[in-house]
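Take a look at the structure set out below.
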Amino acid sequence: MMKRFILATILLVVVVAICGGLIWFNFFRDKMIEQFFAGMKAPVVTISAIAVEPAQWTPGIDAVGTVAAAEGVDVAVQAGGIVEKILFKANDKVEQGQLLVQIDDAVERAGLVSANTAVAVSQDALSRAQALLQRNVSTVASLQEAQNNLDKAKGALTQLEATLDQKAIRAPFTGTIGIPKIDVGQYVQPSTVVATLQNLDQIKVNFTVPEQELASLKIGQPVRFGLKEDKLNFSGKITGIDPKIDAASRLVAVQALLDNPDQTLRPGQFIRVRVDLPVEQDVIALPQTAVTISLYGAYVYAVQDAPAAAGTAAPAKGDSAKPADGAAPDLVAKQIFVKVGRRSGDRIEIVEGVEPGMRIVTSGQNKLSSGSPVAIDNSVQPIPGATGNAGASKS
């Protein structure tokens with residue numbers, strides 16, 4: 001019995017010792033890990049940055065427009081018949097009045113001879129009636145009937161001549177003709193489209209702007225256009241502003257006209273539009289890559305000197321306060337919430353939160369948090385022309 005008691009006691013002591021050792025080991029391990037990571041320095045993040053300076057700002061209204069020819073129609077058949085001749089090829093430059101398609105008009109030309117004869121006969125009858133009336137042999141009623149017959153014959157002749165003109169389809173204006181949509185020998189009905197005709201020497205651009213911008217627009221105002229946002233190499237002027245604002249979209253329609261001598265632009269294309277507004281001075285603007293938009297608002301990272309470590313005496317003034325020769329000062333990033341304004345190209349206006357002289361991170365923000373140590377390397381910039389000591393670019 002005594003042996004069992006001693007054995008149980010020994011087992012209990014062993015179990016307690018093992019449990020206590022495990023508890024102590026876990027506590028000691030967590031403490032050591034905590035101390036290990038507490039002593040580690042955060043890795044330095046390489047970023048690019050610019051110094052903020054007030055700069056010239058060219059505000060503008062940006063939009064996307066649709067290209068249309070200054071003159072453009074679908075040339076269509078007016079009088080039906082069999083296509084006799086097609087006198088153009090796709091993409092030919094045609095002049096106003098040039099014959100494009102001839103519809104068979106043999107019947108109308110035969111009728112034209114008869115109509116001319118009828119006019120001549122009616123004219124002779126009228127002349128005889130006038131002579132007889134002067135000799136008091138005829139009556140005024142006979143003269144009036146002869147005059148009516150002549151007018152009727154002339155009307156029939158004019159109608160026939162108009163039909164003949166409609167059988168000859170001509171270019172309504174000078175321009176570039178498209179692909180023929182009919183064939184020789186084909187019977188065509190009135191309103192059948194022959195081809196599209198577009199005057200590409202001048203181009204109209206239709207676009208819309210928000211109603212808030214309406215006061216900034218006027219007829220004759222210069223406008224820049226381009227197929228790419230960063231290459232607005234066409235220029236024109238506003239020629240029309242719709243007097244009515246669309247109640248559903250709150251947009252107003254605008255039309256501009258520009259020269260297209262090389263015929264680079266084609267009807268139906270989308271095109272970038274920018275209406276430049278008067279230049280403003282001393283505006284703080286940053287590359288759009290410097291600003292991050294989050295659920296809590298827009299923010300940037302400013303580069304600042306790292307604060308002195310706790311318990312470290314502040315450096316004395318003078319040379320002792322400077323970093324050692326060849327050593328760069330310790331820098332950290334600080335998150336700053338800002339209020340943004342207008343956008344212009346690759347720049348964004350900063351209304352509040354940033355002051356001149358501050359250094360703002362332009363790339364590498366995705367690796368940062370407030371207080372992260374940073375090193376500036378401006379050898380690569382996300383925005384062309386943004387350098388380490390450059391301010392907001394002059395738009």
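Quick look at the numbers
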read-out	value
Any hit, segment 259-270, residues being within 22 Å of T58 (Cβ to Cβ) and either acidic (D, E) or crowded, with 16+ Cβ neighbours inside 10 Å (or both)	no
Counted residues, segment 209-228 - those being under 20 Å from P278 (Cα atoms) and either assigned to a strand (DSSP E or B) or of a type in the set (D, E) (or both)	8
Hits in segment 289-304 - residues which are touching a Lys or Arg at 6+ places or on another chain (Cβ under 9 Å) and buried (at least 17 other Cβ atoms within 10 Å of the Cβ)	Y301, A302, V303
Failed condition for Q263, given (1) over 30 Å from F88 (Cα atoms); (2) modelled with pLDDT under 90	(1)
When residues of segment 82-122 are limited to those that are of a type in the set (S, T, N, Q) and at pLDDT 85 or above, the one farthest from the chain's Cα centre (by Cα)	Q102
Strands (runs of 3 or more DSSP E) contained in segment 240-298 and holding at least 2 residues acidic (D, E)	280-283
Failed item, numbered, when V361 is tested on (1) more than 24 Å from E280 (Cβ to Cβ); (2) at pLDDT 85 or above; (3) hydrophobic (A, V, I, L, M, F, W, C); (4) not in a strand (DSSP E or B)	(4)
Number of the condition not met by I238 [criteria: (1) in contact with a Phe, Trp or Tyr (Cβ under 9 Å, 6 or more places away or on another chain); (2) crowded, with 18+ Cβ neighbours inside 10 Å]	(1)
Any pair with Cβ under 7 angstrom, 6 or more apart, that starts in segment 215-244 at a residue that is over 23 Å from P261 (Cβ atoms) and ends at one that is loosely packed, with under 14 Cβ neighbours inside 10 Å	I241/I219
Exclusive hit being closer than 30 Å to V75 by Cβ, aliphatic (A, V, I, L, M) and surrounded by 16 or more Cβ atoms within 10 Å (Cβ to Cβ), set V209, V205	V205
Single residue of segment 348-373 satisfying the filter (buried (at least 17 other Cβ atoms within 10 Å of the Cβ), closer than 18 Å to V52 by Cα and of a type in the set (A, V, I, L, M)) that is nearest to the chain's Cα centre (by Cα)	I348
Odd one out for P172, checked against (1) over 30 Å from Q263 (Cα atoms); (2) modelled with pLDDT of 85 or more	(1)
Hey, D183 assigned to a loop (DSSP other than H, G, I, E, B) and among the charged types (D, E, K, R) or not	yes
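Yes/no per residue for (1) aromatic (F, W, Y); (2) in contact with a strand residue (DSSP E or B) (Cβ under 9 Å, 6 or more places away or on another chain):
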site: V193; (1), (2): no, yes
site: L197; (1), (2): no, yes
site: T208; (1), (2): no, yes
site: Q212; (1), (2): no, no
site: G226; (1), (2): no, yes
site: F234; (1), (2): yes, yes
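Here's the yes/no breakdown for (1) of a type outside the set (A, V, I, L, M, F, W, C); (2) out of contact with any Lys or Arg (no Cβ under 8 Å at 6 or more places or on another chain); (3) loosely packed, with under 15 Cβ neighbours inside 10 Å:
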site: A79; (1), (2), (3): no, no, no
site: F88; (1), (2), (3): no, yes, no
site: E95; (1), (2), (3): yes, yes, yes
site: L99; (1), (2), (3): no, no, yes
site: D105; (1), (2), (3): yes, no, no
site: G111; (1), (2), (3): yes, yes, no
site: S114; (1), (2), (3): yes, yes, yes
site: S122; (1), (2), (3): yes, no, no
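One line per residue, one yes/no per condition, for (1) over 21 Å from Q98 (Cα atoms); (2) part of a helix (DSSP H, G or I); (3) among the β-branched types (V, I, T):
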residue: V113; (1), (2), (3): yes, yes, yes
residue: A118; (1), (2), (3): yes, yes, no
residue: S122; (1), (2), (3): yes, yes, no
residue: Q130; (1), (2), (3): yes, yes, no
residue: Q147; (1), (2), (3): yes, yes, no
residue: A153; (1), (2), (3): yes, yes, no
residue: I169; (1), (2), (3): no, no, yes
residue: T176; (1), (2), (3): no, no, yes
residue: L197; (1), (2), (3): no, no, no
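The values are calculated or read from the model by the stated rules, or taken from the named source; none is laboratory data. This structure is a prediction, so every number in the text was calculated from the model and none was measured. No Cβ is skipped: glycine too gets one built from the backbone with ideal geometry, and neighbour counts run over all protein chains shown.
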